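First up is the structure itself, then whatever we jot down about it.
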Amino acid sequence: ILLAYQMGIFPWFSKGQPILWWSPDPRMIVEPQNLHVPRSLAKRIRQRDFRITLDTAFEQVVTECAATPRPDQEGTWITESMYESYCKLHIQGHAHSVEAWEGDTLVGGLYGVSLGGLFSGESMFSHRSDASKIAFVYFMRQLARWQFSLVDCQVYTKHLARFGAMEIPRSDYLERLEIAIRQTAKVGRWTFDEDFECTG
């Protein structure tokens, strides 16, 4: 899986299918330093409705991503074998999660894989309005502080386009990818910087 990400390839398939690997053209990306936060969401962030954490409930986030129904999609590509693979990558310090909590209840989050200055997002879920969006903003702000240069969003969605995500040709993505994975890797369990604060 790590080799595939280094080559710009990711798994995406349905239960019962063989593992299918994709390298779409164009490719959807976010540059953390150029994140756009809609005004209404920035206001919601300042209300501090959710507590946001990193790498606190990775297995639970992946499970919720697999179980959450999605429009125009039957089932999930997060099969038991893929779940086990990402959990192993998490233990090795390559896969990471972001969690949104309401009290002690997990209400939103996302996960993906990190290589050098690349973070490749895999899936997200939300059980409360804006929970995963707020977790995403917190995460992008932290990645910007860590000098991550590239966040792979794989394919176009209106949801991500609102945050400044953009489509670029696959050839451009592969060039950016080659540079990003040369950056010093941040392997291990992630936490927000002690002085980190997200105000929108």
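Side notes on the structure shown:
- Scan of the range 139-164 for residues that are open to solvent by 20 Å² or more (accessible area, probe 1.4 Å) and in contact with a His (Cβ under 6 Å, 6 or more places away or on another chain), ordered by number: GLY164
- For the residues ASP172, ASP152, ASP195, the requirement of being out of contact with any Cys (no Cβ under 6 Å at 6 or more places or on another chain), part of a loop (DSSP other than H, G, I, E, B) and not aromatic (Phe, Trp, Tyr) singles out ASP195.
- Of the residues examined, THR157 is not one that is over 24 Å from THR68 (Cβ atoms), of a type outside the set (Phe, Trp, Tyr) and touching a residue at least 60 places away in the same chain (Cβ under 8 Å).
- PHE136, sole failed condition from (1) buried (at least 22 other Cβ atoms within 10 Å of the Cβ); (2) within 18 Å of VAL30 (Cβ to Cβ); (3) touching a residue at least 40 places away in the same chain (Cβ under 8 Å): (3)
- First in the range 40-69 and surrounded by 15 or more Cβ atoms within 10 Å (Cβ to Cβ), second anywhere and assigned to a loop (DSSP other than H, G, I, E, B) and of a type in the set (Lys, Arg), Cβ under 9 Å, 6 or more apart: LEU41/ARG162; ASP49/ARG128; PHE50/ARG128; LEU54/ARG189; ASP55/ARG189
- Of the residues making up the range 95-105, those that are surrounded by fewer than 20 Cβ atoms within 10 Å (Cβ to Cβ) and either in contact (Cβ under 8 Å) with a residue 24 or more places away in the chain or in a strand (DSSP E or B) (or both) are TRP101, GLU102, THR105.
- Candidate set: the range 20-39, residues that are in contact with a Phe, Trp or Tyr (Cβ under 6 Å, 6 or more places away or on another chain) and open to solvent by 40 Å² or more (accessible area, probe 1.4 Å); chosen: the one modelled with the highest pLDDT: HIS36
The values are calculated or read from the model by the stated rules, or taken from the named source; none is laboratory data. Keep in mind that what you see is a predicted model, and the values were worked out from it rather than measured. Virtual Cβ from ideal backbone geometry, glycine too; neighbours counted across all protein chains shown. To get the accessible areas, we keep the full protein, side chains included, count just its heavy atoms, and leave off ligands, DNA and RNA. Shrake-Rupley method; radii C 1.70, N 1.55, O 1.52, S 1.80 Å.
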